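Encoded as structure tokens, here's the structure I'll be asking about.
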Number of protein chains: 2
Amino acid sequence: MRFKTLLAAGAIACVAAAVPASADEGMWTFDAFPAARMKADYGWAPDQAWLDRTRAAAVRLTGGCSASFVSGEGLILTNHHCVASCLSNLSTAQNDLLANGFNPATRAQERTCPGQQAELVTSIRDVTGDVKGVMAGLSGAALVKARDARIAEIEKSSCTDPATTRCQVVTLFGGGQYKLYTYRKYSDIRIAWAPEAQMAFFGGDPDNFNFPRYAMDGAFLRAYEGGKPVMTPQHLVWSPRAPKDGEATFVVGNPGTTRRLDTEAQRAYRREISLPMSLILMSEYRGRLIAAMGEDKDKLREGEDELSGVENSFKAQMGQFRSLNDAQFTAAMRETEMALKGKAAPGVDPWGSIAAADAAYRQFYLEDSFVKGGPAGYSTLFGYARTLVRGAAERGKPNAERLPGYTDSALPLTEKRLIDPRPVYPWLEELGIAFWSSKMREYLGADNGDVKMLLGKESPENLAKRLVAGSTLADPAVRKALWEGGADAIAKSDDPMIKLALAMDARSREIQKRYDAEVDGPITAAKAQIADARFAAYGEANYPDATFTLRISYGKVQGWTERGNAVPFATYMGGTFDRATGDFPYNLSPAFAAAASKIDRSIIYNFVTTNDIIGGNSGSPVLDKDGHVIGAAFDGNIHSLGGAFGYDGMLNRTVVVSSA
Amino acid sequence: MRFKTLLAAGAIACVAAAVPASADEGMWTFDAFPAARMKADYGWAPDQAWLDRTRAAAVRLTGGCSASFVSGEGLILTNHHCVASCLSNLSTAQNDLLANGFNPATRAQERTCPGQQAELVTSIRDVTGDVKGVMAGLSGAALVKARDARIAEIEKSSCTDPATTRCQVVTLFGGGQYKLYTYRKYSDIRIAWAPEAQMAFFGGDPDNFNFPRYAMDGAFLRAYEGGKPVMTPQHLVWSPRAPKDGEATFVVGNPGTTRRLDTEAQRAYRREISLPMSLILMSEYRGRLIAAMGEDKDKLREGEDELSGVENSFKAQMGQFRSLNDAQFTAAMRETEMALKGKAAPGVDPWGSIAAADAAYRQFYLEDSFVKGGPAGYSTLFGYARTLVRGAAERGKPNAERLPGYTDSALPLTEKRLIDPRPVYPWLEELGIAFWSSKMREYLGADNGDVKMLLGKESPENLAKRLVAGSTLADPAVRKALWEGGADAIAKSDDPMIKLALAMDARSREIQKRYDAEVDGPITAAKAQIADARFAAYGEANYPDATFTLRISYGKVQGWTERGNAVPFATYMGGTFDRATGDFPYNLSPAFAAAASKIDRSIIYNFVTTNDIIGGNSGSPVLDKDGHVIGAAFDGNIHSLGGAFGYDGMLNRTVVVSSA
């Protein structure tokens, strides 16, 4: 795989022989769009009005996706896989909305998605000096505390109406910049239309991150306020036309996480520890899910959303792991780092500080992974319990002293996620907790103090059974009462999940403090130094790593060459029928199959562009030069997975479902 | 982790500062025991008579374990986990021999273990010149073909009585030496005694590879011939005494595989590709097994042996993976390699040849992993089918032209394994084939030719169902008839497993040929060059990598220091009761619990020694200076897992169940 890192763009003189410049790289913030650079490559670039119009319709979904307003009455375009959890939550054995799709006859039938919130950026303000100022002279845990306190204060004082606005300070360039993003938020988001899941995700996991592709991975939501659709005059224009090979495209959305500015030591940690551990753990969990879901139809339906999330993460991380074991790919990153080191001020060694923090973290990453979060990643009920326990403790403190997630600016979404009704499947909870506790024992050892505290004389299976059978947190009214009851209610609760969350809380905070002191503090300080060195050497012409905040990428409709074979830029509706085998996941969904004679097989279905995106961009509108919507980005090709660390314009592609 | 490689022992002057010499390292062949070295360290060493007596009682079990004759009437000491497959094969829902143990009242009740064979080395002859001679001037596939043909000829001509002897040419030092091992073999091996599995494997997977330990991991087999116990006057003497701290110990057995003489490129391949892939695949398979076994008691019993095998391999490979990501561990190996390179003849670069072969292999390792072997690793029935298909084809060729495994010297064991009756569990077969075929599609892609050939329009699940439901190969009589019927019978068979094995055979052979040409051939030639360079630089005072052939290790009874805490050298019977929780895997087995009042809690149960062992050594007798049996080696501690690549005398320990 060839590639080009961010820094190579600036340091091109150093490594030009090995790394060709790739014009389309970059996930740009709206306040720093590289218009001159695009104009040089494309002979045209959007002006400020174009950018402002587009930004005003760009939606972030707090479930982890991107979207856009596409009508004047609050209609939101996103991907089907971004609403799959919602559909799953609203499904019953009698009406499986994932399998059947959702096509309400009237607006009155549109249904609220639990936990979902839509957010629109209304302003971006630089607070770098403010935040960096309070950290001056501090290090370790004190630095982290000061930073978080100042961020909590800025966020609180900047958002005077927490019912309709959200303020969030974003760390860019790993601490080189801090920016305050203000959002207009919409907390009542309803599902308006979704196709059958088998049509949206035709080819399933085998075709995921692959192309050619035949997937109607689109859906519509609608924003409501006061029980009525939100009026959204600043929406994007829908253009139901096919894309043209080579035409310029923009992707506007919220890429989640990239690590292109990480150091060698951080990449080594990911390659040697975190990625393989995560892949191994996900694999066993995936296997347990697959086997359990094979037992009956209810489990198959109830587990589907969880399994597809695991499989998607697995494939994405597998791509990252392969990239980090690709000698050519990593050599170029190493060269880029060495080039910057050569330009940095003598006497400071932030790279060494990061390597030391990484070495320190390796000493307790297992505790950090298993004990700090408890089984929250595997159990909705435990997640509720932890939020309740922490919410009770944190709300009693001054805003600036609370844990992130419990500050005044963060509380509304935390509370919404806690209290929104959503189904809980006891078998899935049990499976998750038994898995997590058996792995915690496996990796920390049966004689570890935390493991003994957790299991006592119980087996992981019996612990899971007892916790799930005894908990009443699946009932939203119980959660609401405990939330409102605060510390007293928590102290009096007999719920075994609450008791477990309480029992683990002290150790969890202890591990977090160690993390702040030995990892977060030193790395925050070092990354700011590296960012400053980078600005000094290459100016501010580059883009920050992705942080699930609004970005714009420019590129073009273009296929690529795979092992000597040209991959065309688009697929056609008719190709679906050629690929169908009749057996899952290559079966046609009933409605799609029934409509076969009405489908124009020559219409472009999915296409690829050179836009630089990453997970979180799912649902992003794909725009043409006029700013019109010609599709929704729903995936990257397999090469784009290495995009977490670097972009290669020859191979990385965004996969789009066409508006046509 | 500190450690010392094999080469560092010779190259000590070069790297002494970093790598302390570790006296007890080494898995020595019986024809090259380092008596002088041991005498220098211990003031005593065994003489030739001691070695000859010991060797004459040392047993290799073809199931992958070690053992020894400990009575004059064919009684064989080994581990419980080495007879677990046998117990599982002989179990029924009514009588679960794993759970209940096996304690026959008379010899007439001892029962034959399917597929098991015991082998005793009777002579070792150097055939290096002979084998290397036929390879002279050849390379690639031609080299592999000439080597294998000559080995087949030597083996056939050296064993005139294939009913009682087996001849096997062993590759040592990666091709630096070839030796002909002649074995007296016993093909009727019966189970004579086994404790309850929960007593043998108390602590289960969490305690596996850990210490302190409380496991009665011992069992007895007996060799029969002509329906009668074999007379074995040359047996070891059983000494039911406790070990003494610091006393010298010997482990005599068959370590399976070490890679201490591998090159940097080979370690990189294992760290970057094969170990993570294997860990990831095993994890999902493990998860599927665990969930399926939770469905009912029959599946729990039927899957137990398979699951514990997977979990054991997982933990062992996880230890290897961690070692190869340990910077200190790998730096020392790199230094050792550089030291040898510095001494090698100029102009030849076998390390570069191996790196090139490794790079070539990376291009088709996925095909090699998934397509070449088919689902044989996950399906007993497919394994039978492949043996039948290949057996029919290969037996029609001259001996020297056959695939390994089908030469005249190998056929008797291949046939025994094929035809011995053993239960087949359809759900387990289905689970395995569905897993393998879904992973093959995942890694090779749905559009890969081999995947299309395999699946056609079927899903992995439906393919697995059809194959298992339609196959009659679970019946030994069917297998026998097909084996004896040869090519005609195979061609006429309608069995879907036979048809699949036939369909995959051509591609499988094609991939093997590519492997021979691009990987095996170049690496065999290069490794021989490296071995010669090593002999030239350091003499022949070192030991070859493990090859599942007879070795002897010397060491001593000794605890170690774990993060500053002393780990005592032994545990006591009474500790079992302290560790028991009542919940699996820390529950006491019924008979053990019932006998609680009769158990002397002060008796030494398990102990550790510094002997250098690896998987395959399980069941090895642990001997004192008198050559008496004071225990059976059944495990290594967690540090010993890195022993695949290097031995660290400070930390690596053998775990032994005491004869006391």
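Does B:ARG60 fit the bill of being within 27 Å of the chain's Cα centre (by Cα) and over 23 Å from B:ALA192 (Cα atoms)?
no
Out of the residues in segment A:404-419 meeting the condition of being buried (at least 17 other Cβ atoms within 10 Å of the Cβ) and assigned to a loop (DSSP other than H, G, I, E, B), tell me which one is nearest to the chain's Cα centre (by Cα).
A:ALA410
Please give the number of the condition B:GLU540 fails out of (1) touching a helix residue (DSSP H, G or I) at 6+ places or on another chain (Cβ under 9 Å); (2) in a helix (DSSP H, G or I).
Here B:GLU540 meets the rest and fails (2).
Working carefully through the options A:THR472, A:THR407, A:THR414, find the one that is more than 14 Å from every other protein chain (Cβ to nearest Cβ) and in contact with a Phe, Trp or Tyr (Cβ under 7 Å, 6 or more places away or on another chain).
A:THR414
Can you tell me which of A:ALA345, A:ALA339, A:ALA360, A:ALA327 is more than 14 Å from chain B (Cβ to nearest Cβ) and either without any contact (Cβ under 8 Å) to a residue 12 or more places away in the chain or buried (at least 18 other Cβ atoms within 10 Å of the Cβ) (or both)?
Exactly one residue qualifies, and that residue is A:ALA339.
Restricting attention to segment B:196-218, report how many residues are away from every other protein chain (no Cβ under 12 Å) and among the acidic types (Asp, Glu). Even if it seems obvious, please write down each step before you answer.
Our first condition is that a residue be away from every other protein chain (no Cβ under 12 Å); within segment B:196-218, this holds for B:196-201, B:215-218.
Okay, now just the ones that are also among the acidic types (Asp, Glu), so B:196, B:217.
Residues in segment B:196-218 being away from every other protein chain (no Cβ under 12 Å) and among the acidic types (Asp, Glu): 2 in total.
Here's a follow-up. Considering only segment A:271-293, state which residues are more than 8 Å from every other protein chain (Cβ to nearest Cβ) and farther than 18 Å from B:LEU279 by Cβ.
A:MET293
Out of segment B:254-299, which residues are farther than 29 Å from B:TYR361 by Cα and among the hydrophobic types (A, V, I, L, M, F, W, C)?
B:LEU289, B:ILE290, B:ALA291, B:ALA292, B:MET293
Which is without any contact (Cβ under 8 Å) to a residue 60 or more places away in the chain and either closer than 26 Å to B:SER274 by Cβ or away from every other protein chain (no Cβ under 14 Å) (or both), of B:ALA487, B:ALA434?
Testing whether each residue is without any contact (Cβ under 8 Å) to a residue 60 or more places away in the chain and either closer than 26 Å to B:SER274 by Cβ or away from every other protein chain (no Cβ under 14 Å) (or both) leaves just B:ALA434.
What is the residue count in segment A:72-105 for residues that are closer than 25 Å to A:VAL237 by Cα, surrounded by 17 or more Cβ atoms within 10 Å (Cβ to Cβ) and of a type in the set (S, T, N, Q)?
2
Please go through segment B:174-221 and give me each residue that is within 18 Å of the chain's Cα centre (by Cα) and on the phi > 0 side of the Ramachandran plot, ordered by number.
Hits for segment B:174-221 are B:GLY174, B:PHE209.
Looking at A:ARG551, A:ARG534, A:ARG563, can you tell me which residue is basic (Lys, Arg) and over 20 Å from A:THR171 (Cβ atoms)? Step through it out loud before you land on a result.
Working: A:ARG551 fails: over 20 Å from A:THR171 (Cβ atoms); A:ARG534 fails: over 20 Å from A:THR171 (Cβ atoms).
Going through A:ARG551, A:ARG534, A:ARG563 in turn, the sole match is A:ARG563.
In addition: Among A:LYS457, A:LYS465, which is the only one that is within 14 Å of chain B (Cβ to nearest Cβ), closer than 24 Å to A:LEU444 by Cα and loosely packed, with under 15 Cβ neighbours inside 10 Å?
Exactly one of A:LYS457, A:LYS465 is within 14 Å of chain B (Cβ to nearest Cβ), closer than 24 Å to A:LEU444 by Cα and loosely packed, with under 15 Cβ neighbours inside 10 Å, namely A:LYS457.
Can I ask one more? Given the criteria of a type in the set (A, V, I, L, M, F, W, C) and within 30 Å of A:TRP351 (Cα to Cα), does A:ALA265 qualify?
yes
If you don't mind, another one. Can you confirm whether A:MET440 is among the aliphatic types (A, V, I, L, M), outside any loop (DSSP other than H, G, I, E, B), in contact (Cβ under 8 Å) with a residue 24 or more places away in the chain and within 14 Å of chain B (Cβ to nearest Cβ)?
Judged against the criteria, A:MET440 is a match.
Applying the selection to segment B:545-564, what residues are part of a strand (DSSP E or B) and at pLDDT 95 or above?
Going residue by residue through segment B:545-564, those that are part of a strand (DSSP E or B) are B:551-557, B:560-562.
Answer for segment B:545-564, where residues must be part of a strand (DSSP E or B) and at pLDDT 95 or above: B:ARG551, B:ILE552, B:SER553, B:TYR554, B:GLY555, B:LYS556, B:VAL557, B:TRP560, B:THR561.
From (1) facing chain B (nearest Cβ under 10 Å); (2) small (Gly, Ala, Ser); (3) surrounded by 22 or more Cβ atoms within 10 Å (Cβ to Cβ), pick out the condition that doesn't hold for A:ALA268.
(3)
The values are calculated or read from the model by the stated rules, or taken from the named source; none is laboratory data. Note that the structure is predicted; figures quoted are calculated from it, not measured. When we count neighbours, we look across all protein chains shown, and the Cβ atoms used for this are built from the backbone with ideal geometry, even at glycine.
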